[in-house]
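Accompanying notes for the structure given below.
Read the figures in this text as sums done on the coordinates, not as results from a lab. This is a predicted model, so every value here is computed, not measured. Neighbour counts are summed over all protein chains in view; Cβ atoms, including those assigned to glycine, are modelled from backbone coordinates with ideal geometry.
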Amino acid sequence: MRIDIITVLPELLVSPFSHSIMKRAQEKGLLEVYTHNLRDTTPYKQGQVDDYQFGGGAGMVMMPEPLAIAIELLQKERNYDEVIFMTPDGAMFDQKTANNLSMKTNIIIICGHYKGIDERIRQHFVTREISIGDYVLSGGELAAAVVVDAIGRLIPGVLNDETSALFDSFQDGLLAPPVYTRPANFRGWEVPEQLLCGDPKKIDNWRHEQSLKRTAERRPGLLEE
Ligand code: 6GU
C-alpha cells in the first residue's frame, strides 16, 4: 500500500512513521509513505499556498491551484483509490473505516491548515473526508498520522502473532479485556486466578466476560450497535 500525504508541514510527519510497527511495515515493503510539501508545487511566488477568503472573515484559506497541481502530479503517475481530506467536519474515523482503508492500494491524504481548503477541491478531487474526533487541531498532519498508523498496522503481514490486531479493542466491536504480566503478585495485588489456571477455554471465557463488562461500563453504545 502506498500513501501520499500533501502538507505544508512535512517535518511533522517524519517521526510518526520512523519507529516501531510503522517503521517495520515500511522496511518489509508492505507500506510506503511519501510526504509532499505543497510549497514545492505552488505556482505562486514565495511559496504562497493560502489567501484571504472571499466574503471576508478571519483566517486564510488554502488556494485551489497548488492543491490541484499536487494531486494531479500524483494521479498522473498511478491510480488512486481515495483522495482523503483531513478535516474536523469530516466523517468520524473508526476501526471499521481503518479496516476498509487498509485494503486499498494507493491513497492520497490532504492535510488542511488555517480555515481549511477551497471548497472546489473538496467537490472535484476529494473522495472522502475524515475527522479523528470532535475537537480542533491546528492542522491535519497529526490526524493524518493517526489514520496512517491505524491503517498501516492492519495491512496483512505487518503485525505478527504477538502484536496481532485480532484481539484489539473495537476489532470485534468490544473493548479489549484487562491484561497482566509478571509478577503474579505485585505488592499484594494479585493477577486474577482465571488467567493462571492454564485452561484455555476458561481463560477465553473470562476474557470475553471482562470485555463485555468493560464495554457495558465504559461504552454502552457499542453493545447496542
Ligand atoms: Cl482531521 N483536522 C483538524 N484540523 N482538526 C481535527 C481533525 C482533523 N480531526 C479532529 N480535529
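Taking θ as phi - 60°, what are the ³J(HN,Hα) couplings along the range 150-155 by the Karplus curve (6.51, -1.76, 1.60), each to the nearest whole Hz, with x for Gly and Pro?
4, 6, x, 5, 8, 5
Per the helix-only calculation at 222 nm, which mean residue ellipticity applies to the chain, given -39500 (n - 2.57) for every DSSP H run of n ≥ 4 and division by its residues, nearest 500 deg cm²/dmol?
Mean residue ellipticity at 222 nm (helix-derived): -9500 deg cm²/dmol.
What list of ³J(HN,Hα) couplings, whole Hz, do you get for the range 75-92 from phi and the Karplus terms 6.51, -1.76, 1.60, once you set θ to phi - 60° and write x for glycine and proline?
Values per residue, Gly and Pro as x: 5, 5, 7, 7, 7, 10, 6, 8, 10, 9, 10, 7, 7, x, 9, x, 6, 5 Hz.
In the range 2-152, what is the volume of the convex hull around the alpha carbon atoms, normalised per residue and reported in Å³?
It is 115 Å³ per residue.
In whole Å, largest first, what are the principal axis extents of the Cα atoms in the range 167-224?
36, 25, 16
List T181, T97 from most exposed to least, where exposure is judged by having the fewest other Cβ atoms within 10 Å.
Numbers: T181 7, T97 16.
Final ranking by Cβ density, sparse to dense: T181, T97.
What ranking of M92, M60, M86, M1 emerges when the number of other C-beta atoms within 10 Å of each C-beta is taken as an exposure proxy, fewest first?
Final ranking by Cβ density, sparse to dense: M92, M60, M1, M86.
In degrees between 0 and 90, to the nearest 10, how far off the longest principal axis of the chain does helix 200-218 point, with axes built from Cα atoms?
Helix 200-218 sits roughly 50 degrees off the main axis of the chain.
Please list, in chain and number order, the residues 5+ apart from I109 or on another chain whose amide H is under 5 Å from its amide H, with Hs placed from the backbone.
Those lying under 5 Å, H to H, from I109 are D4, I5, I6, I84.
For a quick check: sort F125, F170, F54 by the number of other beta carbons within 10 angstrom, fewest at the front.
With the sparsest Cβ surroundings first, the list reads F54, F170, F125.
Can you count the Lys pairs in the chain whose Cα atoms are under 26 Å apart, with each pair 8 or more apart or on different chains?
Lysine pairs satisfying the spacing and distance rule in the chain number 11.
Mean separation of Cα pairs under 8 Å and 6+ residues apart, divided by the residue count of the chain: what relative contact order is that in percent?
20
Classify the range 104-225: rounded, prolate or oblate, from the alpha-carbon gyration tensor (a ≥ b ≥ c, eigenvalue square roots; a/c under 1.5 rounded; otherwise prolate if a/b is larger than b/c)?
Because a/c hits 1.5 or more and a/b exceeds b/c, the range 104-225 counts as prolate.
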